[in-house]
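No lab work stands behind these numbers, since they all come straight from the coordinates. As the structure is a computational prediction, the values presented were derived from the model and not from experiment. Neighbour counts are summed over all protein chains in view; Cβ atoms, including those assigned to glycine, are modelled from backbone coordinates with ideal geometry.
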Amino acid sequence: MTEPLVRPKRKNPLKKTRVPLLPQGVRSRTALGLTEAAAEGRFRLQVCSDCAAVIYPPRDACPRCLSARLPFRDVDNRGTLLAETTIRTSTDVYFRERMPWRIGTVQLDAGPSIVAHLHGDLREGERTRLALKLDKSGQAIAMALPMEDTPNMADDPQWRELTCDPKFRRVLITDGRTAVGQALAEACSAAGASVVFVGVADPWKPFPGEERLRKLERVEIVALDLTDTISVNECAGEYAPRVDILINTAEHVRTGGIIERKGLTVAREELEIRYFGLTRLAQAFGPVLRARGADGVNSAAAFVNLLSVYALANWPAYGAFSATEAACLSAAQSLRAELRPGGVKVLNVFFGPLETEWYQAVPPPKVAPSALANATVRALQQGLEDLFVGDIAEDIRARLAVSPKALERELGS
Amino acid sequence: MRAPRQPYDGIVVTAPVTVPYRRYSTNTAHWWVGRAVREVVKKAGLESADIDGLSLSSFTVGPDTAIGLTQHLGLSPRWLDHVPLGGASGVVALRRAARAVQCGDAEFVVCVAGDTNQVDSFRRMLSTFSRFAQDAVYPYGSGGPNSGFALITRNYMKHYGATREDFGKICVAQRDNALKFPHALMKRKLTLDDYLGARAISDPIHLFDCVMPCAGAEAFLVCREDVARSQGLKSARLLSTIERHNAFPEDPIQYRGGWALDIDEFYAMAGVTADDVDFVQTYDDYPVICMMQMEDLGFCAKGEGPAFVRSHTLTADGSFPHNVSGGQLSVGQAGAAGGFLGLVEAVRQLTGETLGASVPDAKIGVVSGFGMITYDRGLASGAALLARGTA
């Protein structure tokens, strides 16, 4: 059984912060199909379109029929752990400081044998379910889990290397005035975060939900105005070394396309809050996050962007807004590469219209702020990199995969 | 029906050369290969210009391959081969060279394997060993071949009841053999207690189950028997060979190798049986692989490896002489030269040119090769039957 994590003590400031090291992140182009699946928490392997063979490791020709048609498909993740070993010495600097490390050979019911990381509660000979996960290098690995959940399962050290679990971590939510920000504060607190800092611009100005927010356990309101570089820098100066997960909840939702906006006032405001706000956060908090990626139980783990799914394909009814969200998505992709050396994940959460006042005229389905918050916390616990919340987001994603041009016309009609 | 394979009549192996190993070397693979080729030429009483065939095996000669070595060494061969098969290199190089000589494509083929070992070169090789290693092995704890073979060993122990004592017996016997072999890097006696008490590397693999990477080179010459005789060279006749790659891909975890597919033909071609064999040189990257070869090469049935090991001394002077110069486990693993070590020693045993322990009245030897664990199993396998020459 997994030993429960112990809440980390306050860090001795004289002690050296462990430099983040990464496992080898080089993969063949084909193997990146596993990374794509892992980013969303799916279990997908190549399946031959001609002979249905399930294939691993990733290949460019089917070992049964030589077909080149080998798309990644969802497959049954169950199997049996045939043999295990505990590695006690490694030539790799990342694994060296994490020894001992268990791996094993899992024979999948679907066919192939997979060498996988092992969860501590799994034993040789047992049935297992495999998960594809992103390791600290951002690339996919397979991990074998016990068939049924076990107590404190998420506290397993090999598992926790792959996740961004808020438990015993310190979270910063950048805008507590929004319904989503408040829901996230509650969800992170419930998930066992040590403290949840909630940023509020001009905290002396009252706002709806404030009372409830202030009463939440382990929640601390801090002054943070994302449109003000000095405010962001001051907040970072005070709190950055104590922020392990940053969740940017800033939002600015207004209707209208590019022509209708008349002038740049609203567009500038939107960019100030969203794009430049993200930039300010990244510049103020990013370097510390990246340096603290291997800092023990409460190492820096994730930078979370809440993005409208219309960042992926413009919805002209909210055309200018969509453009700003697209800018934020592009920035998040850069941020992902920039934070990777620290082993810090960038989680992008995509969602459609929310159940909030700014989407008042939009018909359902809409996403409740609490649903968005809970899904985001689950994604952190699972170590995902891309999350689609709600029917609209899933639908846009599916249609985009089929035909971006068709989607463009449909959204614009 | 498949056409019968032609025998290797009149083909011999001669001029066995070992360039003494070093744990680390500041020299390049080219240097090691060059020294080995020079020794072969000298030993055979030839000039460089006489060498019209070259076969090279090396992991660390990059960016060069065999062709670059022709210019580097000043050779103008009319037959050239590059055998990047690790532990199977020796057997495979031999069987290809034998056919070249037999068919007249070349008269003197030097088969050489050499690698350098610089500080940290082993680590760098591990992560880039194969695409599957890069995608599906190295990111899993980076234990190198130790962890891959640990899984194979663990599975074998569970299924066939092999114990660490059984593997220890193989290692201890090889060390006894090695203590008489001047080029072995391991100079101290190994006891079963030492073996059992050694630190764990990747359970159930412990320190003395592992070979020590080092620098070194091995080489031999393949030519016609009459040519060898006219040069006044003692030689070993080639009776039979087999080679097989990626055998039994459906086995979920490796417990047998390609030998098992071709073993009947192996002995039939030579006209001998396993009982006629005086000594066996298995590929010993890990003792479980030795045991697997004892089974798959027909010395005992599958699963009887542990009992077979318990019933023999495995020493050069005892019953079932095995890895009589000490094998890689005690001599060291000089990269691809590890795939030549058993073969070169077998030739010395059969030509009476031993440097260390001698198998009494050795007439027939089996040499086996195994290599290239690119994902979860060794892919390449091969074996050769050699007999004492008549000269």
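Data for the structure
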quantity: B:D264 paired with B:I67, simple spin-label distance in nm, labels 7 Å along Cα-to-beta-carbon; calculated: 4.2
quantity: Share antiparallel - DSSP beta bridges, the range A:32-160, percent rounded to 5; calculated: 95
quantity: Vicinal HN-Hα couplings computed from phi for the range B:236-243 (Karplus, 6.51 cos²θ - 1.76 cosθ + 1.60; Hz; Gly/Pro x); calculated: 10, 7, 8, 8, 6, 9, 9, 8
quantity: Cysteines (scope the protein assembly as shown) whose Cβ has no counterpart Cys Cβ under 4.7 Å; calculated: A:C164, A:C188, A:C235, A:C328, B:C103, B:C111, B:C171, B:C210, B:C214, B:C223, B:C290, B:C300
quantity: Unit charges on C-beta of K, R, D, E only; dipole of chain B, Debye; calculated: 680
quantity: Whole-angstrom Cα spans of chain A along principal axes, big to small; calculated: 63, 58, 32
quantity: Count of lysine pairs in chain B with Cα separation under 30 Å (8 or more residues apart, or interchain); calculated: 24
quantity: Amide H contacts of B:R23 (H built 1.01 Å from N, under 5 Å, at least 5 apart or other chain); calculated: B:A215
quantity: Rg and Dmax [Cα atoms of chain B; Å; Rg one decimal, Dmax integer]; calculated: 19.3, 56
quantity: Summed residue charge, Cβ within 14 Å of B:K187's Cβ, Lys/Arg positive, Asp/Glu negative; calculated: +4
quantity: Per-selection Rg to Rh, the range B:45-85 - Cα, Kirkwood hydrodynamic radius; calculated: 0.98
quantity: Contact order relative to length of the range A:32-160, as percent, for alpha carbon pairs under 8 angstrom and 6 or more apart; calculated: 24
quantity: Geometric extent, Cα atoms of the range A:170-411 - Rg, Dmax (angstrom); calculated: 17.1, 51
quantity: Rel. contact order, % - alpha carbon contacts under 8 angstrom, at least six apart, chain A; calculated: 15
quantity: Fewest-first sequence of B:M1, B:M372, A:M153 by Cβ atoms within 10 Å of each Cβ; calculated: B:M1, A:M153, B:M372
quantity: 5 angstrom amide H check on B:L80, placed H, neighbours 5+ away; calculated: B:L54
quantity: Structure-based [θ]222 nm, chain A - -39500 (n - 2.57) summed over DSSP H runs of at least 4, per residue, nearest 500; calculated: -8500 deg cm²/dmol
quantity: Ranking of A:T163, B:T26 by count of other Cβ atoms within 10 Å, fewest first; calculated: B:T26, A:T163
quantity: For B:K180, residues with placed amide H under 5 Å, excluding near neighbours; calculated: B:A357
quantity: Ranked A:V402, B:V277, criterion: other C-beta atoms within 10 Å, fewest first; calculated: A:V402, B:V277
quantity: Cα Rg, Dmax (largest Cα-Cα span) when computed across the range B:1-154, Å; calculated: 17.9, 53
quantity: Directionally averaged projected area (convex hull, Cα atoms, the range B:252-391), nm²; calculated: 8.5
quantity: Loop sites in the range A:256-287: trypsin sites (Lys or Arg not before Pro), DSSP, at most 15 other Cβ within 10 Å; calculated: A:K262
quantity: Debye log10 I(q)/I(0) at q = 0.14, 0.17 Å⁻¹ for the range A:32-160, Cα point scatterers; calculated: -0.64, -0.91
quantity: Over the range A:272-402, relative contact order from alpha-carbon pairs under 8 Å, at least 6 apart, %; calculated: 25
quantity: Shape box of the protein assembly as shown [Cα atoms, principal axes, largest first, Å]; calculated: 104, 55, 48
quantity: Furthest towards positive pole of dipole, A:G33, A:P316, A:A191, structure part chain A, Cβ charges; calculated: A:G33
quantity: Hydrodynamic radius (Kirkwood) for the range B:245-323, which is based on Cα pairs only, to one decimal in Å; calculated: 13.3
quantity: Using θ = phi - 60° and Karplus 6.51 cos²θ - 1.76 cosθ + 1.60, couplings along the range A:57-69 (whole Hz; Gly, Pro as x); calculated: x, x, 9, 10, 8, 6, x, 9, 10, 6, 5, 9, 8
quantity: Among A:W204, A:W315, A:W358, residue whose mean-square fluctuation peaks in a GNM of chain A (springs only between Cα atoms under 10 Å); calculated: A:W204
quantity: Members of A:K16/A:K205; A:K11/A:K215; A:K16/A:K345 lying beyond 31 Å, as alpha-carbon distances in this model show; calculated: A:K16/A:K205
quantity: The range A:218-347 - convex hull of the alpha-carbon atoms, volume per residue in Å³; calculated: 106
quantity: DSSP beta bridges in the protein assembly as shown [antiparallel fraction, %, rounded to 5]; calculated: 60
quantity: Candidate lysines for bridging to A:K366, where Cα separation is under 27 Å - those fewer than 8 sequence places away on the same chain excluded; calculated: A:K405
quantity: Rounded to 5, the percent of DSSP beta bridges in chain B classed as antiparallel; calculated: 75
quantity: Within the range A:122-163, GluC sites (Glu not before Pro) in DSSP loop having at most 11 other beta-carbon neighbours inside 10 Å; calculated: A:E148
